[in-house]
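Asker: I am attaching a structure below and will ask some questions about it afterwards.
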Amino acid sequence: MQDPKVFIEIRNVHKSFLEGGKRRIVLQDADAVFYEGETAAILGKSGSGKTTMLNLISGIDRVESGAIIIRGTDLTQLNEKARTLFRRENIGFIFQFFNLIPTLTVWENIILPLELKGEMQKEGRQRAMQLLEDVGLNDRQQTFPDRLSGGEQQRVAIARALVHDPLLVLADEPTGNLDEENGRLILALLDRLTRQAGKNMIMVTHNPEAASIANRVMRIHEGRFVE
Ligand code: ADP
Ligand code: MG
């Protein structure tokens, strides 16, 4: 059998924050390898650095030292503009609090990544229509987010995260703000639209059920990854 291909390499990543004049180390010599097609779950106590790690992988935040290599591109060697472009092109996000834009309709929220990428041609619109159907919100296209339930908002967020066909989906506690039933629905959708579709996903979660859709479960403990 062929060896699995490396998708992301995280090497000796170090990150601290200044807090009341004191440095607080959050990540220290964090090392991990993610393989192509993997759905990975990252567990860890509150404050252990999970969100910080996702922000580094997406290039929103910068490492202090170490490397984050995604399909051969070392994000830590790119300037901010190049990191932003890389993110728009390659990454889809799902957040605990959905983060939809309140002044845009469901449809406008979903197609936003396409507009940022300058990809609003037929193919992109077709993908957006398909995703709208996949998440069961066909009849809510013109609705604004504040008219939707939490579960529905998260379904919009899933469609938005996938519309530009990103290399990697990052989900930060995607069921953290939903009741059990809606949490299950969201996990089933993520399972179908990312894991079964062979997409790369890294999901931070507290929810053991969420971890059960992952091919791989890791933990961040004392600033490092442990398997
Ligand atoms: P988790 O997502 O695992 O709950 P976070 O990555 O959000 O944890 O936070 C890890 C630690 O880093 C916390 O102690 C938090 O207060 C601190 N932290 C995160 N972001 C910042 C920031 N921008 N400035 C200062 N401290 C931060
Ligand atoms: Mg967090």
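The values are calculated or read from the model by the stated rules, or taken from the named source; none is laboratory data. Computed from a predicted structure; not experimentally measured. Cβ placement follows ideal geometry from the backbone for every residue including glycine, while neighbour counts extend to all protein chains displayed. These accessible areas exclude ligands, DNA and RNA; they are computed on the full protein's heavy atoms, side chains included. Shrake-Rupley method; radii C 1.70, N 1.55, O 1.52, S 1.80 Å.
Asker: Do we find a residue being within 16 Å of ligand 1 (Cβ to nearest atom) and either at pLDDT 95 or above or surrounded by 14 or more Cβ atoms within 10 Å (Cβ to Cβ) (or both) anywhere in the range 31-39? Walk me through how you get there before you give the answer.
Answerer: Step one: of the range 31-39, the residues within 16 Å of ligand 1 (Cβ to nearest atom) are 32.
Subsequent filtering for residues that are either at pLDDT 95 or above or surrounded by 14 or more Cβ atoms within 10 Å (Cβ to Cβ) (or both) retains 32.
Scanning the range 31-39, I find at least one residue that is within 16 Å of ligand 1 (Cβ to nearest atom) and either at pLDDT 95 or above or surrounded by 14 or more Cβ atoms within 10 Å (Cβ to Cβ) (or both), so the answer is yes.
Asker: Taking Phe95, is it more than 16 Å from ligand 1 (Cβ to nearest atom), closer than 25 Å to Leu187 by Cβ and surrounded by 13 or more Cβ atoms within 10 Å (Cβ to Cβ)?
Answerer: On the way: more than 16 Å from ligand 1 (Cβ to nearest atom): no; closer than 25 Å to Leu187 by Cβ: yes; surrounded by 13 or more Cβ atoms within 10 Å (Cβ to Cβ): yes.
Against the criterion (more than 16 Å from ligand 1 (Cβ to nearest atom), closer than 25 Å to Leu187 by Cβ and surrounded by 13 or more Cβ atoms within 10 Å (Cβ to Cβ)), Phe95 does not qualify.
Asker: Follow-up question, since we're still on this one. Taking the range 1-19 as the region of interest, how many residues are open to solvent by 90 Å² or more (accessible area, probe 1.4 Å) and over 15 Å from Gly47 (Cβ atoms)?
Answerer: Applying the first criterion (open to solvent by 90 Å² or more (accessible area, probe 1.4 Å)) to the range 1-19 yields 1-3, 5, 11, 18-19.
Going one step further and asking which of them are over 15 Å from Gly47 (Cβ atoms), we end up with 1-3, 5, 11, 18.
Final tally of qualifying residues: 6.
Asker: Does the range 52-63 hold any residues that are hydrophobic (A, V, I, L, M, F, W, C), modelled with pLDDT of 95 or more and within 17 Å of Glu89 (Cα to Cα), and which are they?
Answerer: Initially, the range 52-63 is screened for residues hydrophobic (A, V, I, L, M, F, W, C), giving 53-54, 56-57, 60, 63.
Filter once more, so that each one left must be modelled with pLDDT of 95 or more: 53-54, 56-57, 63.
Within the range 52-63, Leu54, Leu56, Ile57 qualify.
Asker: So how many residues does the range 98-129 have that are closer than 17 Å to Ile186 by Cα and open to solvent by 30 Å² or more (accessible area, probe 1.4 Å)?
Answerer: So the count comes out to 1.
Asker: Hey, can you tell me all the residues within the range 193-211 that are away from ligand 1 (no atom under 16 Å from the Cβ), touching a residue at least 12 places away in the same chain (Cβ under 8 Å) and surrounded by fewer than 17 Cβ atoms within 10 Å (Cβ to Cβ)?
Answerer: Once the filter is applied, which keeps residues that are away from ligand 1 (no atom under 16 Å from the Cβ), touching a residue at least 12 places away in the same chain (Cβ under 8 Å) and surrounded by fewer than 17 Cβ atoms within 10 Å (Cβ to Cβ), the range 193-211 yields Gly198, Glu209.
Asker: Just wondering, is there one or more residues in the range 152-167 that are more than 16 Å from ligand 2 (Cβ to nearest atom) and within 21 Å of Val33 (Cα to Cα)?
Answerer: Looking for residues that are more than 16 Å from ligand 2 (Cβ to nearest atom) and within 21 Å of Val33 (Cα to Cα), one finds at least one in the range 152-167, hence yes.
Asker: When you scan the range 67-92, how many residues do you find that are outside any loop (DSSP other than H, G, I, E, B), surrounded by 14 or more Cβ atoms within 10 Å (Cβ to Cβ) and basic (Lys, Arg)?
Answerer: 3
Asker: Let me ask something additional. Given the conditions (1) more than 13 Å from ligand 1 (Cβ to nearest atom); (2) in contact with a Lys or Arg (Cβ under 7 Å, 6 or more places away or on another chain); (3) of a type in the set (S, T, N, Q), and given that Ser16 satisfies all but one, which numbered condition is not satisfied?
Answerer: (1)
Asker: Does Ile25 count as open to solvent by less than 60 Å² (accessible area, probe 1.4 Å) and within 15 Å of ligand 1 (Cβ to nearest atom)? Give the steps one after another, and end with the answer.
Answerer: Values: open to solvent by less than 60 Å² (accessible area, probe 1.4 Å): no; within 15 Å of ligand 1 (Cβ to nearest atom): yes.
Here the answer is no, as Ile25 does not meet what is asked.
Asker: Another question about this same structure. In this structure, is Phe144 closer than 25 Å to Asn177 by Cα, within 16 Å of ligand 2 (Cβ to nearest atom), open to solvent by 40 Å² or more (accessible area, probe 1.4 Å) and among the aromatic types (Phe, Trp, Tyr)?
Answerer: Details: closer than 25 Å to Asn177 by Cα: yes; within 16 Å of ligand 2 (Cβ to nearest atom): no; open to solvent by 40 Å² or more (accessible area, probe 1.4 Å): yes; among the aromatic types (Phe, Trp, Tyr): yes.
No.
Asker: Which one is farthest from the chain's Cα centre (by Cα) among residues in the range 110-166 that are among the acidic types (Asp, Glu) and assigned to a helix (DSSP H, G or I)?
Answerer: Initial filter on the range 110-166 (among the acidic types (Asp, Glu)): 115, 119, 123, 133-134, 139, 146, 152, 165.
Narrowing further to those that are assigned to a helix (DSSP H, G or I): 115, 123, 133-134, 139, 146, 152.
Numbers: Glu115: 19, Glu123: 23, Glu133: 21, Asp134: 19, Asp139: 26, Asp146: 23, Glu152: 18 Å.
So, considering only residues that are among the acidic types (Asp, Glu) and assigned to a helix (DSSP H, G or I), the one farthest from the chain's Cα centre (by Cα) is Asp139.
Asker: I would also like to ask the following. Every residue in the range 51-66 that is open to solvent by 10 Å² or more (accessible area, probe 1.4 Å), near ligand 1 (Cβ under 8 Å from one of its atoms) and either touching a residue at least 24 places away in the same chain (Cβ under 8 Å) or in contact with a helix residue (DSSP H, G or I) (Cβ under 9 Å, 6 or more places away or on another chain) (or both), please. Walk me through how you get there before you give the answer.
Answerer: Here is the first cut: in the range 51-66, the residues open to solvent by 10 Å² or more (accessible area, probe 1.4 Å) are 51-52, 55, 60-66.
With near ligand 1 (Cβ under 8 Å from one of its atoms) added as a condition, the list becomes 51-52, 55, 61.
Across the range 51-66, the qualifying residues are Thr51, Thr52, Asp61.
Asker: Same structure again: Within 28 Å of Ser149 (Cβ to Cβ) and among the basic types (Lys, Arg): which single residue out of Lys50, Lys45, Lys81 fits that description?
Answerer: Working: Lys45 fails: within 28 Å of Ser149 (Cβ to Cβ); Lys81 fails: within 28 Å of Ser149 (Cβ to Cβ).
The conditions single out Lys50.
Asker: Shifting gears a bit: With Gly49, Gly66, Gly72 as the choices, which residue is away from ligand 2 (no atom under 16 Å from the Cβ) and either at pLDDT below 95 or within 16 Å of Met218 (Cβ to Cβ) (or both)? Talk me through it step by step, then tell me what you get.
Answerer: Numbers: Gly49 fails: away from ligand 2 (no atom under 16 Å from the Cβ); Gly66 fails: either at pLDDT below 95 or within 16 Å of Met218 (Cβ to Cβ) (or both).
Being away from ligand 2 (no atom under 16 Å from the Cβ) and either at pLDDT below 95 or within 16 Å of Met218 (Cβ to Cβ) (or both) holds for just one of Gly49, Gly66, Gly72, which is Gly72.
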